[in-house]
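Before any comments, here is the structure.
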């Protein structure tokens with residue numbers, strides 16, 4: 001809100017309309033994506049260190065989809081507990097032999 005110079009209501013409305021991506025945390029708080037916020041003020045975000053999550057499952061069955069979702073949930077919890085926000089998530093849907 002400070003970067004954009006807008007009120008909470010305005011930023012929330014933009015998020016609801018899809019102009020700013022959000023992530024809802026386990027505690028109910030909403031995190032706004034830095035990349036989208038800075039893009040709105042005409043600046044490209046530059047980071048020395050990116051937080052990247054990697055999840056792998058052996059196929060694309062329903063159980064694999066559930067396992068992928070659970071891996072991502074656990075990684076997001078791990079990041080949140082350390083004050084980190086995931087910048088990218090890589091999903092690998094193939095057996096490790098391929």
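No value in this document is a laboratory result; all are computed from the given coordinates. Just so it is clear, the structure is predicted and the values come from calculations on it, not from any experiment.
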Report the percentage of all Cα-Cα pairs in the range 47-98 whose separation exceeds 16 Å, rounded to a whole percent. 45 percent
Extended-chain gain in nm, criterion 0.36 nm per residue less alpha-carbon gap, residue 12 and residue 84: 23.8 nm
The correct pair for the range 1-45, radius of gyration to one decimal and Dmax as a whole number, both in Å and from Cα atoms, is 10.4, 31
Highest-fluctuation residue, 12, 82, 73 considered, GNM on the chain with Cα pairs under 10 Å: 82
Sorted from largest down, give the three principal axis spans of the alpha carbons of the chain, whole angstrom values. 50, 29, 26
Find the relative contact order for the chain and round it to a whole percent, using C-alpha pairs within less than 8 Å whose residues are 6+ positions apart. 24 percent
